[in-house]
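Have a look at the structure below, then the notes.
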Amino acid sequence: MKARRGYSAVIALGALVAIAMFFSAAPAAAQAGAPATPPEMVATYSALADAILAVKRTEADLVRSILAAAYAHGEVQLARAQRSIGAGDAAAARAAVEALAADVAQLATEGDAAVAQVRKRLLEGGHHHNSAGEAQGLYDEGFVVVTKAAKQKLLESSRAIGQMAGAAKADALGAEWQKVKAIYAGLMKPAK
Amino acid sequence: MRARWQGAGAAGAVMGLLAVAALHHTTAHPGAAGPAFRFIDVAPDAGLTRVLLAGRPAKDHLLDSAGAGAAWLDFDRDGRLDLFLPNGWLLDGARIVERGRYALYRGLPDGTFRDVTDEAGVQGDGRWGSGAFVADYDGDGWPDIFVTTFGRNLLYRNLGNGRFEEVAARVGLESPGWNTGASFFDADGDGDLDLYVASYIDCTLESVLEAKPSLSWRGLEQVAFGPFGMKGAPDHFFRFEGGRYVDATSEAGLDDRALGFGFAVRTADIDDDGDLDIYVANDSDANYLYRNEGRGTFKEVGTWSGCALDGNGAAQAGMGVAMGDATGDGVWDIFVTNFSEDFSTLYRGLGRGAFEDASRELGVGQPTYRPLSWGTAFADLDNDGDLDIVIANGHIYPQVDRHPDVVGTYAQRNLLLENLGPGKAPMFRDATAEAGPGFEQVRSSRGVAAGDYDNDGDLDLLVTHTDQPPSLLRNDTAGGSWLTVVCEGPRGEINPIGTRVTVRVGDRTQWRDIASGDSYMSTHDPRPHFGLGAATKVDEVDVRWPDGTHSVRRDVEARQFLRIRKGS
């Protein structure tokens, strides 16, 4: 809430400056007929637009990094699980398989509960990264990279992996991970 | 778990088949001769007249719409259920008109209740009450009452002489905030009761009093703002140590990192590993399943366990929760009620703590789609041996009444979904229309607490509403046989939380657990109740006490309250 108040203060200050600039330009505009938006304001707005769009790209990059971290962690857990299965260490295998399931769930939800809280805050502030995609039903609210369809498949995989935890088999685990890998690769393709 | 279904031999199998057949032909089903259920509201005649206040008529703030729960308990240990109701406030704009008095009703032998609130000393201290949860927290044999509030919580310690003393501050449970659902349970296996408390929105009383409807609802009306756009308040976990409750949220791994809008809490041994796990239904956020990792530490596993989101991968607006073996396959199922224009979700248990959304397949999706649902219970309301579902409904915006064609009205009809038994597709059907005058009521309902208040062997329903007295829906269904088990600790303390009771009739096994905190901010009758269909005897009753020991009774007559004391 404090952060938002700070943001509001910046906007309020900007608005005051803009009003001052508008009125300083008003007499000239009145003499010339219909007022044009002062070029200084257009330039400022244009610079602001660059910053907004850059921030949006940064947001997408950050979410991709979150996904990459979860995926990399998943690869490690998969290897651990397969080693443990091979060694007959059921307890270690179970822990690794559950960690893998959690990683895949985090791929589905673009991060863990703490990220969900950040996303909720952004939505509360009116920020929808993929507003057009949301309107078309392609993305869940606030999601940046993971589409609804990909989310659902990843959730299915996380459940399937989780259910293997009690008696995991290396080949079944590997097969499920291949599905995750394919979805992940599709999501991480550079945007056209 | 499926091993429980295996017969002991051919004779056992035949007897079992007969018993199962009897269980499922006791009561009428759709297309049969008559209605299976009959419920009648007897609250006014029984003396349950306390109006439960709920803010302002226009529900300017979400707190005005949240309502309150209810709790069944036997505070005087006379064998009859008593009833506790927390209460809210009446507001007029920013003015506090009335701070609602809570109510403790003592159950009388004739099925009526006497208001003993004042003599018991549980008026509520003028605090805006939310939920009511019953547990013998101090192990003295007398059930105590914990009340979550908007503000500082209350803990009424039962003195055993008809009076209570309020000790929340003394024991460390005031925890100011908008507290909602809660559940007492032994998290660390040390023999005493710890406590999880959910919280909803981080807001002040000033913001509540100043609130005006400011959210555009479909461009038609201005309604109460939130919860979206408001900050969630963190849930808390309190460990019982040396006679006090100590906040051990972080230490136990229960930090509410998503700051979910928490409403309902239920604890149970969901993965059947001998310790108690925590399920939290969140409004507009993913639900939590905190798996007990032993020694009182937890890990949140809801998403990959399949009970955090719906089958489409979406977070829903969780309000109330019911848990039990509704599908009759021996494992826990979870039912979560949700907002209107979204179905309530039945997560079918797959064993070992895994779930799948089976709402549509099992027939609960369609009837629950339109209403806005709150309190709920899995309860065998026709005593036919399976768990039916009751759901309390009511919208949060009175303004919808000006557009009834859009999502219905603020006051709504409650639902009764009949379980048709394993193998039926769909398993549940909407039996509301045939459930008697009690289910014809149209109110803005919130809490549901199931309990056999008249000790006649069937489960009755206490339903709270906003700005009205509660309904007590007496169950007059011509149902089947039954058994109710009253569990006593070694010193005669009743209904130890975490106890699981299993009954077997032939090949058919049913089980219930004893919990504190369920439904929507409510507590059901703590005595495990079983419908038995046409069976006249129960082959075996097995009580698994919280410490893992068992008490077993064999060849038990049906239609009785069976008392079993630990160690006997």
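The values are calculated or read from the model by the stated rules, or taken from the named source; none is laboratory data. Just so you know, these numbers come straight off a predicted model, no measurement behind them. Methodologically, a virtual Cβ is constructed for each residue, glycine included, from the backbone with ideal geometry; neighbour enumeration extends over all protein chains shown.
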Only one of B:Lys212, B:Lys231 is among the basic types (Lys, Arg) and under 23 Å from B:Asp92 (Cα atoms); which? B:Lys212
Suppose the filter is under 25 Å from B:Ala425 (Cβ atoms) and away from chain A (no Cβ under 14 Å); does B:Val336 pass it? yes
Out of curiosity, is A:Glu110 crowded, with 22+ Cβ neighbours inside 10 Å and more than 9 Å from chain B (Cβ to nearest Cβ)? yes
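I want to confirm something. Restricting to segment A:70-81 and keeping residues that are out of contact with any Asp or Glu (no Cβ under 8 Å at 6 or more places or on another chain) and crowded, with 20+ Cβ neighbours inside 10 Å, which single residue is farthest from A:Thr109 (Cα to Cα)?
Result: A:Ala81.
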Residues of segment A:118-154 classified as away from every other protein chain (no Cβ under 12 Å), assigned to a loop (DSSP other than H, G, I, E, B) and not aliphatic (A, V, I, L, M), total: 5
Scan segment B:381-388 and tell me whether some residue there is among the aliphatic types (A, V, I, L, M), closer than 30 Å to B:Ser481 by Cα and touching a residue at least 60 places away in the same chain (Cβ under 8 Å). yes
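So that you can scan it fast, the table gives a plain yes or no per residue for (1) at pLDDT below 95; (2) closer than 30 Å to B:Gly294 by Cα; (3) in contact with a Lys or Arg (Cβ under 9 Å, 6 or more places away or on another chain):
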{"position": "B:Ala103", "(1), (2), (3)": "no, no, yes"}
{"position": "B:Gly126", "(1), (2), (3)": "no, no, yes"}
{"position": "B:Val134", "(1), (2), (3)": "no, yes, no"}
{"position": "B:Val147", "(1), (2), (3)": "no, yes, yes"}
{"position": "B:Arg152", "(1), (2), (3)": "no, no, yes"}
{"position": "B:Leu159", "(1), (2), (3)": "no, no, no"}
{"position": "B:Glu174", "(1), (2), (3)": "no, yes, yes"}
{"position": "B:Ala182", "(1), (2), (3)": "no, yes, no"}
Check B:Asp285, B:Asp310 and return the single one that is part of a loop (DSSP other than H, G, I, E, B), in contact with a strand residue (DSSP E or B) (Cβ under 8 Å, 6 or more places away or on another chain), within 12 Å of chain A (Cβ to nearest Cβ) and modelled with pLDDT under 95. B:Asp285
Among the residues of segment B:406-437, which ones are assigned to a strand (DSSP E or B) and within 30 Å of B:Glu221 (Cβ to Cβ)? B:Ala411, B:Gln412, B:Arg413, B:Leu415, B:Asp430
Of the listed residues (B:Thr249, B:Thr327, B:Thr297), the one being in contact with a His (Cβ under 9 Å, 6 or more places away or on another chain) and surrounded by fewer than 24 Cβ atoms within 10 Å (Cβ to Cβ) is B:Thr249
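Would you confirm whether or not segment B:516-529 contains a residue that is loosely packed, with under 15 Cβ neighbours inside 10 Å and of a type in the set (Ser, Thr, Tyr)?
No, the conditions are met nowhere in segment B:516-529.
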In this structure, is B:Ala268 touching a residue at least 12 places away in the same chain (Cβ under 8 Å), within 21 Å of the chain's Cα centre (by Cα) and away from chain A (no Cβ under 14 Å)? yes
(1) modelled with pLDDT of 95 or more; (2) surrounded by 21 or more Cβ atoms within 10 Å (Cβ to Cβ); (3) under 19 Å from the mean Cα position of the chain (by Cα); (4) not basic (Lys, Arg) all hold for B:Val486 apart from (2)
When segment B:459-479 is examined, which residues are found to be at pLDDT 95 or above, crowded, with 23+ Cβ neighbours inside 10 Å and in a loop (DSSP other than H, G, I, E, B)? B:Leu459, B:Thr466, B:Pro470
From the list B:Thr484, B:Thr466, which residue is in contact with a helix residue (DSSP H, G or I) (Cβ under 8 Å, 6 or more places away or on another chain), closer than 24 Å to B:Gly447 by Cα and not small (Gly, Ala, Ser)? B:Thr466
Pair list, Cβ under 7 Å, 6 or more apart: segment B:352-372 residue within 14 Å of chain A (Cβ to nearest Cβ), other residue of a type in the set (A, V, I, L, M): B:Gly353/B:Ile270; B:Phe355/B:Ile334; B:Glu356/B:Leu350; B:Ala358/B:Leu346
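Being within 14 Å of chain A (Cβ to nearest Cβ) and out of contact with any Asp or Glu (no Cβ under 6 Å at 6 or more places or on another chain) narrows it down to one residue among B:Leu259, B:Leu220, B:Leu205; which is it?
Numbers: B:Leu220 fails: within 14 Å of chain A (Cβ to nearest Cβ); B:Leu205 fails: within 14 Å of chain A (Cβ to nearest Cβ).
Only one candidate qualifies: B:Leu259.
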Only one of A:Gln163, A:Gln178 is loosely packed, with under 13 Cβ neighbours inside 10 Å and closer than 15 Å to A:Leu78 by Cα; which? A:Gln178
Given the conditions (1) of a type in the set (D, E, K, R); (2) under 20 Å from the mean Cα position of the chain (by Cα); (3) surrounded by fewer than 20 Cβ atoms within 10 Å (Cβ to Cβ), which single one is not true for B:Asp454? (3)
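Which residues, taken from segment B:226-254, are within 9 Å of chain A (Cβ to nearest Cβ) and over 23 Å from the mean Cα position of the chain (by Cα)?
First pass over segment B:226-254, keeping only residues within 9 Å of chain A (Cβ to nearest Cβ): B:228-232.
Of everything in segment B:226-254, those that are within 9 Å of chain A (Cβ to nearest Cβ) and over 23 Å from the mean Cα position of the chain (by Cα) turn out to be B:Phe228, B:Gly229, B:Met230, B:Lys231.
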Restricting attention to segment B:405-415, does a residue exist that is out of contact with any Lys or Arg (no Cβ under 7 Å at 6 or more places or on another chain) and over 26 Å from B:Asp60 (Cβ atoms)? yes
From B:Ala315, B:Ala358, B:Ala326, residue being aliphatic (A, V, I, L, M) and either modelled with pLDDT under 95 or over 30 Å from B:Leu532 (Cβ atoms) (or both): B:Ala315
Need the failing condition index for B:Arg239 against (1) in contact with an Asp or Glu (Cβ under 6 Å, 6 or more places away or on another chain); (2) on the phi > 0 side of the Ramachandran plot, just the number. (2)
From B:Arg291, B:Arg266, grab the single residue that is within 27 Å of A:Glu156 (Cβ to Cβ), buried (at least 24 other Cβ atoms within 10 Å of the Cβ) and touching a strand residue (DSSP E or B) at 6+ places or on another chain (Cβ under 6 Å). B:Arg266
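One line per residue, one yes/no per condition, for (1) surrounded by 15 or more Cβ atoms within 10 Å (Cβ to Cβ); (2) outside any loop (DSSP other than H, G, I, E, B):
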residue	(1), (2)
B:Ala187	yes, no
B:Gly191	no, no
B:Val208	yes, yes
B:Lys212	no, no
B:Ser216	no, yes
B:Gly219	no, no
Filtering segment A:155-172 for residues that are more than 11 Å from chain B (Cβ to nearest Cβ) and either of a type in the set (S, T, N, Q) or free of Cβ contacts under 8 Å to residues at least 60 places away in the same chain (or both) leaves a count of 2
